[in-house]
Amino acid sequence: MVSIIMKTVFKYLLISILFTLIINDMNSQNNFDTITLGSGCFWCSEAVFSQLKGVETVTSGYSGGETKNPTYREVCSGNTGHAEVVQVVYNPEEVSLEKILEVFFKTHDPTMLNRQGMDVGTQYRSIILYHNAVQKQTAEFIIEKLNLAGIWNNPIVTAVEAFTMFYKAEAAHQDYYSNNPNAGYCQFVINPKIEKLKKVFAEILK
């Protein structure tokens with residue numbers, strides 16, 4: 001009899017613990033926000049934002065255009081309307097939207113129209129795709145302040161548009177920097193960005 005009671009108590013205790021873990025996990029997930037950013041080649045963008053504390057995931061993909069389920073080759077043609085972007089899922093309690101956008105503006109040239117370095121075309125445009133009104137207001141406020149500060153010789157051309165749809169890029173483009181550290185593009189284009197990131201934002205890196 002005692003054995004049956006103990007088993008019953010243990011069963012309900014286990015259920016209670018599991019339920020608590022599930023609720024805590026759901027609450028944790030609800031704390032995350034998402035913003036979609038384009039700052040040239042998504043290999044670079046993914047490598048940069050993956051370094052930040054409070055960033056949960058960074059996914060390379062395509063957004064801002066009309067073509068459904070585009071391929072990398074199609075986006076590279078410049079005919080889909082899409083930009084190469086990264087979808088950044090972050091915990092605002094650990095890293096603020098303002099800090100994410102500061103990193104965004106300091107790790108690419110927001111005054112170059114449809115181009116970053118040798119990557120040329122509308123698919124490489126500087127763009128912020130906001131997911132809510134707060135993100136829109138924050139992005140526009142920061143752009144206004146940066147333009148007034150005259151940090152760059154030319155005005156910022158970063159587009160601020162409402163997010164509509166995100167298409168995840170092919171597997172070969174996910175974690176590209178981590179998986180291909182010796183590739184020429186990683187050595188000569190991404191590495192300098194990472195070194196700059198480490199110098200300027202050391203306190204917020206993982």
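Each reported figure results from applying straightforward, stated rules to the coordinates on display, with no laboratory input. Keep in mind that what you see is a predicted model, and the values were worked out from it rather than measured. So basically every Cβ, Gly included, is an ideal-geometry build from the backbone, and we count neighbours across all protein chains shown.
Points 7 angstrom from Cα along the Cβ direction at N31 and D175: gap in nanometres?
Rounded to a tenth, the inter-label distance reads 2.4 nm.
Considering Cα pairs under 8 angstrom that are at least six residues apart, work out the relative contact order of region 31-204 and quote it in whole percent.
Rounded, it is 31 percent for region 31-204.
Which angle from 0 to 90°, rounded to the nearest 10, does the C-alpha axis of helix 133-149 make with the longest principal axis of the chain?
Result, in degrees: 40.
Determine, for R115, R73, the number of other Cβ atoms within 10 Å of each Cβ, and report the residues in order from fewest to most.
Placing the least packed residue first, the sequence is R73, R115.
Give me the net charge of G64's neighbourhood, meaning all other residues with Cβ under 10 Å from the Cβ of G64; Lys, Arg count +1, Asp, Glu -1.
Residues close to G64 contribute a combined charge of -2.
Which of S39, S63 has the fewest other C-beta atoms within 10 Å, and how do the rest follow up to the most?
With the sparsest Cβ surroundings first, the list reads S63, S39.
Between K199 and T57, how many nm apart are label points set 7 Å from Cα along the C-beta direction?
3.4
Calculate, for F188 and V134, the FRET efficiency according to 1/(1 + (r/R0)^6) with r their C-beta to C-beta distance and R0 41 Å; round to the nearest 0.05.
Computed FRET efficiency for F188 and V134 comes out at 0.65.
For the pair T67 and A159, what calculated FRET efficiency results from E = 1/(1 + (r/R0)^6), where r is the Cβ-Cβ distance and R0 = 22 Å, to the nearest 0.05?
For R0 = 22 Å, the calculated efficiency reads 0.80.
Could you tell me which label, among (i) 15.4; (ii) 16.9; (iii) 10.1, carries the value of mean projected area of the Cα convex hull in nm² calculated for this structure?
Here mean projected area of the Cα convex hull in nm² agrees with entry (i).
Under a 5 Å amide H to amide H cut-off, with H placed in plane at 1.01 Å, what residues pair with L205 once short-range neighbours are removed?
Under 5 Å from the amide H of L205 lie the amide H atoms of K53, each far enough along the sequence or on another chain.
Take M112, M165, M118 and order them by how many other Cβ atoms sit within 10 Å, fewest up front.
Starting with the residue having the fewest Cβ neighbours, the order is M118, M165, M112.
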